[in-house]
Structures are given as C-alpha cells and as structure tokens.
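Asker: Quick one: structure below, then a few questions.
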C-alpha cells in the first residue's frame, strides 16, 4: 500500500476546500430562520414539519450502563438517508465515484463523501425540490444495483435514524455526468485515504464496508479498516 500515491487526491480535495469560501457562524436557536421550539413539547422543529427535530428521551432499565436511567436530547429524522457510490470498470481497473461535499459541521468545510448523499424524500422529490445529481442511478432508472444495506446511525445521539448504503455499477461504456467536485478512486486509494484524519466523512466510511464485501467476492484484495493507531494519520 505504501506505493500508492494519494497526494494528488489530497491536493484535489484542498482545491475543493479553497474554492468553497463559505462562512459558518454559531448562533442561538432563536436566530435561526424557520426553526422554533414547540411551545407544547419544547422540541426544536422546522416550521414546515420537514427535516429533523431535536427531541428528549427518558431511559430506564439500562442495567449494563454507567447509570441505569437518564434523560437526554436526541436528533430525530424519520426519513431514511441514502449514501450511494457508483462503481465502473475503467481501462480494466475498478473505480468508485465519490464527491467533495460541504457540510456546516465539518472542520475543513469539504470532505470526501458518497457520490450521492440525500434523504429518500429528496431522492423521490417528495418535497418538490431540485432533483439531486446522479439520482437516476440510485432510484432504479440506470445502472445495476450491487448492494443496498440499511444501518442505524449513532444510537447515542440519533433516535431511530436509519441510513441506506448503496453500491451501483455503471456500464464501462457509459459517460457519467460529473463535475470537478467528483472523483473516481481505486480501492487501494480509498484504503489509504481512510488512514488520514478528516478526509473521508463518516457516511462514506460506511459505504466502504460494502466495497470491502463486493471486492472480496471478486477475489481481489479486501479492504481492511484502520486501527486506532493508524487512524491518527500515520501512513508509514
């Protein structure tokens, strides 16, 4: 793996970060447009009833935890999230499509993310919003579905939040319509990028588990996930 050069990929990511001059400022909930505290429940909700909400939960009977009962706030979103990656044979090499995505909580503004990262409602345009780029590959219109697996998000902070990780294969003769914010990566490149701090986002890491299984079935080298020591960014 040491002979895999990921510096061009890291330079591409840095360029994407520098080309996204966004400002994120921490403000009070009362200063948010469209968000409010429900006067009956105290839950923080969007006035449209869409997106997510912040609720409270009471826990009792957790005998194997530090304390058996407690209460805490949690994020609740009933819509299933979609995290999708495309796979394509290019000149005899299997490559996977990822995206440089901005999210307001990122330390470095932009991280390598799944090619598509939306809610099921956005994918189906249930809210009459703009159709996400590459949606046609993840709604059954184009491509071949290789894997689709649902998993529960961090249960310590999210309440019953489910994400679906998808891998879709595209015919090698097809030109996928992407911009400079997208990048095709090989499995060895992905494997090495996973060892670098704050480069690959958590949802993309989830999809990488599918890539590992798919790759193993094709009798190629399986994707191994970094240990705690390796995840500190030491690539040697």
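The values are calculated or read from the model by the stated rules, or taken from the named source; none is laboratory data. Bear in mind that the values here come from a model prediction, so they are computed numbers and not experimental data. Note that we place each Cβ from the backbone using ideal geometry, even for glycine, and neighbour counts take in every protein chain shown.
Asker: Being within 18 Å of residue 201 (Cβ to Cβ) and touching a helix residue (DSSP H, G or I) at 6+ places or on another chain (Cβ under 6 Å) is the filter here; which residues of region 1-40 pass it?
Answerer: Residue satisfying the conditions is 6 alone.
Asker: Would you check if there is a residue in region 131-152 being part of a loop (DSSP other than H, G, I, E, B) and either in contact (Cβ under 8 Å) with a residue 60 or more places away in the chain or within 26 Å of residue 4 (Cα to Cα) (or both)?
Answerer: Within region 131-152, none of the residues are part of a loop (DSSP other than H, G, I, E, B) and either in contact (Cβ under 8 Å) with a residue 60 or more places away in the chain or within 26 Å of residue 4 (Cα to Cα) (or both).
Asker: Next question. So in region 156-212, with the set limited to residues that are in a strand (DSSP E or B) and within 24 Å of residue 74 (Cα to Cα), which one is farthest from the chain's Cα centre (by Cα)?
Answerer: For region 156-212, the residue satisfying everything is 159.
Asker: Still on this model: For residue 141, state whether it is exposed (fewer than 13 other Cβ atoms within 10 Å of the Cβ), closer than 25 Å to residue 213 by Cα, assigned by TED's automatic domain parsing to the domain that holds residue 204 and touching a strand residue (DSSP E or B) at 6+ places or on another chain (Cβ under 8 Å).
Answerer: When the stated conditions are applied, residue 141 does not pass them.
Asker: Exactly one condition in (1) touching a residue at least 60 places away in the same chain (Cβ under 8 Å); (2) assigned by TED's automatic domain parsing to the domain that holds residue 185; (3) not in a loop (DSSP other than H, G, I, E, B) is false for residue 15; which is it?
Answerer: Answer for residue 15: the failing condition is (1).
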